[in-house]
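Everything on this sheet refers to the single structure shown next.
The values are calculated or read from the model by the stated rules, or taken from the named source; none is laboratory data. Please read all numbers here as calculations on a predicted model, not as lab measurements. Here the Cβ is made from the backbone with ideal geometry for all residues, glycine too, and neighbour counts use every protein chain on show.
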Amino acid sequence: MEKHRWSGRHIGKDVLRDRIWTLLEDSGAAVGNPWSSIPDFVGSEAAAKLISQLDFWDTARVVKCNPDRAQAYVRLLALQDGKSVYTPIPELKKDFPFLLLEPNALKRKGVSFEQVMYSEGASQYGMPVHFTEMEEMDVCVVGSVAAAPNGARIGKGGGFADLEMGIFREIGILRNTCPVITTMSDLQIVGNEEIEVEEHDTPLDWIITPSNALQTRKSGVLPRKLDWSAVREDQFRKIPFLEKLRIELTARK
């Protein structure tokens, strides 16, 4: 895997990613190869368990969670607690964007939750769904390479999470009151000044590490609905359903 698969789009963020990936690798806090990815980390199960202690978790019925291995225990915990889970196809490479993991449906098929906690099993047993078929979410979990106490975050550089959340707002299934959270190693938390916040960025409400649940101090205005003119040309080329979705949603207005 290339160390900087999506490099060159924002030099400052590339430098920060390089620093975090190197730190995780050198410290032994990474599980597997952290480079050009949402890095898996030592203590990911403990971080996931901290989520269940937050007030909003008990009443949550629908959880959106990114497909990376770092958040596998979040998906497992949600299913064990009887919640439906939406998880995206990695890099949105297919002609449908998401898979629905519904606990009762999995039980009826004889599929254990451990079989679908990773993306390979989710792809085998999950139900394909399009954005317009999704229910409103109660918790939105995103992967991060680094995050700051003011809620700023950066992913691996592909722009998938911000694109997804922009579409969620466009179709009305991501309320401003829905908590947006990430799980990560303590080593991935950086200073507020280290992450430039751009107009399309969705701030985090919570940063969960193996040792702490940090409620962020968000500042600024939340992003509005998706600005299609800001979607990159390479995203239209590489994400099969994106142009069709743009036409469909634009026609609604």
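Numerical summary
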read-out	value
Residue count for segment 196-213, restricted to those that are surrounded by fewer than 18 Cβ atoms within 10 Å (Cβ to Cβ) and closer than 19 Å to ILE51 by Cβ	3
Candidate set: segment 127-137, residues that are buried (at least 19 other Cβ atoms within 10 Å of the Cβ) and at pLDDT below 95; chosen: the one farthest from TRP21 (Cα to Cα)	MET134
Top-ranked residue of segment 138-153 - restricted to ones that are over 17 Å from ARG19 (Cα atoms) and in a strand (DSSP E or B), ranked as farthest from the chain's Cα centre (by Cα)	VAL139
Residue count, segment 45-85 (criterion: buried (at least 23 other Cβ atoms within 10 Å of the Cβ) and among the hydroxyl-bearing types (Ser, Thr, Tyr))	0
Considering residues of segment 80-93 that are out of contact with any Phe, Trp or Tyr (no Cβ under 8 Å at 6 or more places or on another chain) and farther than 14 Å from CYS65 by Cβ only, the residue modelled with the highest pLDDT	GLY82
Selection count, segment 94-121, where residues are aromatic (Phe, Trp, Tyr), over 14 Å from PRO67 (Cα atoms) and at pLDDT below 95	1
Residue list for segment 237-253, restricted to those being outside any helix (DSSP H, G or I) and either surrounded by 11 or more Cβ atoms within 10 Å (Cβ to Cβ) or modelled with pLDDT of 75 or more (or both)	ILE239, PRO240, PHE241
Criterion: of a type in the set (A, V, I, L, M), in a helix (DSSP H, G or I), closer than 18 Å to PHE160 by Cα and within 17 Å of the chain's Cα centre (by Cα) - qualifying residue of ALA122, ALA78, ALA70	ALA70
Leading residue by the ranking (surrounded by the most Cβ atoms within 10 Å (Cβ to Cβ)) among those in segment 138-195 that are polar (S, T, N, Q) and either out of contact with any strand residue (DSSP E or B) (no Cβ under 9 Å at 6 or more places or on another chain) or at positive phi (or both)	ASN150
Residue, nearest to the chain's Cα centre (by Cα), within segment 106-119, restricted to residues that are in a helix (DSSP H, G or I) and touching a residue at least 40 places away in the same chain (Cβ under 8 Å)	SER119
Subset of segment 164-180 (residues that are outside any helix (DSSP H, G or I), aliphatic (A, V, I, L, M) and touching a helix residue (DSSP H, G or I) at 6+ places or on another chain (Cβ under 7 Å))	LEU174
